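Each remark here refers to the structure printed beneath this line.
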Amino acid sequence: VDLDPTVLAARLPAGFRLGAATSSYQIEGAEEADGRGLSIWDTFSRAPGRVHLGQTGAVAIDHYHRLEEDVALMADLGLESYRFSVAWPRIIPDGDGAVEPRGLAFYTRLVDLLIQAGIEPVVTLYHWDLPQALQDRGGWANRETVHAFARYARVVQEALGEKVKVWTTINEPWCAAYLGYGNGVHAPGITDPRTAMRAAHHLLLAHGVATQQMREAAPEFSYGIVPNLYPVYPATQDPADVAAADTIDALQNRQWLDPLLLGRYPEEITRTQRRFGADSAILPGDLEQIAQPLDLLGVNYYSQHHVAAEPNPVPRYNTEHPGSEHVRWVRGNGPLTDMEWTIEPHGLRDILIRLSRDYSAPPLFVTENGAAFPDVVADDGSIQDADRRQFLAAHISAVVEAIEAGANVTGYTAWSLFDNYEWAFGYAKRFGIVHIDYETLQRTPKASAHWYRDLIAARRR
Ligand code: PNW
């Protein structure tokens, strides 16, 4: 793709917003500040053997104490939107009890600074830092967490009031349910397909209940949810390979999209829920509750799946894709990022076009897209991340292609603004357009950030 910012800028429609994204546990640090309660990531990251080098988010990039500096940096880059998440344990430390006003004050200050800088705040209410006190009662596998979440959502909304116009509920329900409770690679580290499928349903229901209540309180704002979606390509057109692709598509994409946009689970998901005894979690009325009208659908896009039929299925229980014994993964065609995810920008175009063709999807917003690459530090100390610049350009270009094919996409927030705590990988994987020196916590915009700033500036001319 053409890396000239003016060329790409000219292809983006007027009104399209460019920004960047982060999440609370990955950047804030200050784990004990201002009455913050424990989250499942505090507990999980401290348990032996869970996270690379035992690293935690205790300090992270200390964003909590560097708010002014960080918003000034965003303004410098010209960001039009900033997507961040609110840490539930800062607002209601034990999950469903007393509200902590100092936690609310932090996000009020953040939002005020953003607005002063002309940056639109995009809030995510849940990016995986569940209060530990709720996990002690079963976490997302417990239906009561749904109501605790809805109350928390209203508390945040009341505090941020008129200032925030774009609200998203749950970040990546697939990760929260299946990495958290399925393969146990994320907090709370549980490996049980029944628990994972119950958690999945409750995450959707929490979205539905919270959205309905928030919209009732403030109908003029936009409400959405943020699934991570992957195109799934069969290795060949052999019916067994196509069936394998259907299974993964159901688990990864349609498990969320069908209830949200069509008001039902795909048949394959219903069968899998029954197989693992999770169907009892789905009560009459739940699907209507989940299918609240959406004002926007956030799309997190990183990679894609290429799959084929597995000739010798062996039952597996500690998996992020329960009921996928008959599937085997094959390598995609693109080069690999530092996460070993293949780079195929056309997958983003494909998924956006599919959303507008197969579903009457609401306006789409690419809420996350980006890549981890090892640092390339030049002699003058600058970070020459040509690979990331190329990645961003190719994917923004894929968004333009989707728009040209008729998809309604209204914005893009790159993942991530900063290098940060990459969950089970600790600080070893760098997704930022801004480099963090983990000794000094100094922030240095990488070449990709300079390019991104030029792209945003080129659209203003
Ligand atoms: C997303 N997977 O996580 C999250 O929203 C971010 O917090 C995270 O930093 C980013 O993507 C990069 O990983 C994912 O295993 C984590 O398929 C894992 C997977 C997908 C997304």
**Report entry** Heavy atoms of L113: accessible area, 1.4 Å probe, square angstrom to 10
**Finding:** 30 Å²
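Rounded to the nearest 5, what is the percent of antiparallel bridges among the DSSP beta bridges in the range 1-134?
About 10 percent, rounded to the nearest 5.
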Requested in this report: Convert each backbone phi in the range 275-290 into a coupling constant with the Karplus relation 6.51 cos²θ - 1.76 cosθ + 1.60 (shift: θ = phi - 60°), then list the ³J(HN,Hα) values in order as whole Hz, x for Gly and Pro.
Outcome: 4, 9, x, 9, 5, 5, 6, 8, 9, x, x, 4, 5, 4, 5, 5
**Report entry** Size descriptor, Kirkwood hydrodynamic radius, that averages inverse alpha-carbon separations across the range 1-149, Å
**Finding:** 17.0 Å
Report summary line: Per the helix-only model, the chain has a calculated mean residue ellipticity at 222 nm (DSSP H runs of ≥4, -39500 (n - 2.57) each, divided over all residues, rounded to the nearest 500) of -11500 deg cm²/dmol
Report task. Can you tell me the FRET efficiency between Y359 and R11 if r is taken as the Cβ-Cβ distance and R0 is 25 Å, rounded to the nearest 0.05? Result -> 0.50
Report task. Compute the distribution of all C-alpha to C-alpha distances in the chain, in bins of 20 Å from 0, and list the percent of pairs in each, rounded to whole numbers. Result -> 26, 62, 13, 0
Report task. Kindly give Rg over Rh for the range 53-98, based on alpha-carbon atoms, with the Kirkwood expression for the hydrodynamic radius. Result -> 1.08
Query raised in the report: What FRET efficiency, computed as 1/(1 + (r/R0)^6) with R0 = 22 Å and r the Cβ-Cβ distance, is obtained for H346 and S382, rounded to the nearest 0.05?
Result: 0.10
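Order 233-240, 385-392 from most to least packed using the mean count of other Cβ atoms within 10 Å. Please list the in-between numbers first.
Numbers: 233-240: 14.2, 385-392: 21.5.
Going from most to least packed, we get 385-392, 233-240.
Tally Lys and Arg at +1 and Asp and Glu at -1 over the other residues with C-beta under 12 Å from the C-beta of D258: what net charge comes out?
Numbers: positive: R254, R264; negative: D249, E267, E268, D358.
Result for the local shell: -2.
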Query raised in the report: With every protein chain left in place, what is the accessible area per residue of the chain in square angstrom, probe 1.4 Å?
Result: 36 Å²
Query raised in the report: Over the Cα atoms of the range 10-92, Rg to Rh with Kirkwood Rh, two decimal places?
Result: 1.09
Query - Under the Karplus curve 6.51 cos²θ - 1.76 cosθ + 1.60, θ = phi - 60°, whole-Hz ³J(HN,Hα) for the range 443-459, x wherever Gly or Pro sits - result: 9, 9, x, 7, 3, 4, 5, 5, 5, 5, 4, 5, 4, 5, 5, 4, 6
Report task. Could you please state how large a percent of the accessible area of the chain is carbon and sulfur, counting protein chains only and using a 1.4 Å probe? Result -> 51 percent
Report summary line: Per-residue accessible area, 1.4 Å probe, largest first, puts V409, V7, V314 in the order V314, V7, V409
**Report entry** DSSP bridge orientation in the range 257-370 - percent antiparallel, rounded to nearest 5
**Finding:** 50 percent
Report task. Provide the descending list of Cα extents for the range 122-253 along its principal axes, expressed in whole angstroms. Result -> 54, 34, 19
Query - 5 Å binning of all Cα-Cα separations within the range 275-348, expressed as whole percents from 0 upward - result: 3, 11, 13, 14, 14, 18, 15, 10, 2, 0
Query raised in the report: Can you pull the three principal axis extents for the Cα set of the range 175-266, in Å, largest first?
Result: 51, 30, 18
Query - Relative packing of 370-376, 121-127, which averages over residues the other C-beta atoms within 10 Å, highest first - result: 121-127, 370-376
Query raised in the report: Ranked from highest to lowest mean number of other Cβ atoms within 10 Å per residue, what is the order of the peptides 143-152, 94-103?
Result: 143-152, 94-103
Query raised in the report: How big is the antiparallel share of DSSP beta bridges in the chain, given as a percent to the nearest 5?
Result: 20 percent
Report task. Quick one: which residues, 5 or more positions from Y233 or on another chain, have an amide H under 5 Å from its amide H? H modelled 1.01 Å from N in the peptide plane, none for Pro or chain starts. Result -> H305, H306, V307
Report summary line: Amide H proximity to V434 below 5 Å, modelled H, separation 5+ or other chain, gives F418, D419, K446
Requested in this report: Kindly write out, for the range 78-91 in residue order, the coupling ³J(HN,Hα) from the Karplus curve 6.51 cos²θ - 1.76 cosθ + 1.60 (θ = phi - 60°), rounded to whole Hz, with x marking Gly and Pro.
Outcome: x, 3, 8, 9, 10, 9, 9, 10, 9, 7, 3, x, 7, 8
**Report entry** Most to least accessible of H207, H326 (protein chains only, probe 1.4 Å)
**Finding:** H326, H207
Report summary line: Stokes-Einstein D for the range 388-447 (4 °C, 1.567 mPa s, Kirkwood Rh from Cα pairs), in µm²/s, comes to 98 µm²/s
Report task. Return the whole-Å distance between the Cα centroid of the range 326-358 and the Cα centroid of the range 215-244. Result -> 13 Å
Query - Enclosed volume per residue, in Å³, of the convex hull spanned by Cα atoms of the range 332-398 - result: 100 Å³
**Report entry** Overall Cα dimensions of the range 213-346, principal axis frame, Å, largest first
**Finding:** 51, 36, 26
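The values are calculated or read from the model by the stated rules, or taken from the named source; none is laboratory data. Computed from a prediction, not measured in an experiment: that's the story for all the values here. Note that each Cβ is placed from the backbone with ideal geometry, even for glycine, and that neighbours are counted across all protein chains shown. When the accessible area is computed, the model is the full protein with side chains, heavy atoms only, and any ligands, DNA or RNA have been set aside. Shrake-Rupley method; radii C 1.70, N 1.55, O 1.52, S 1.80 Å.
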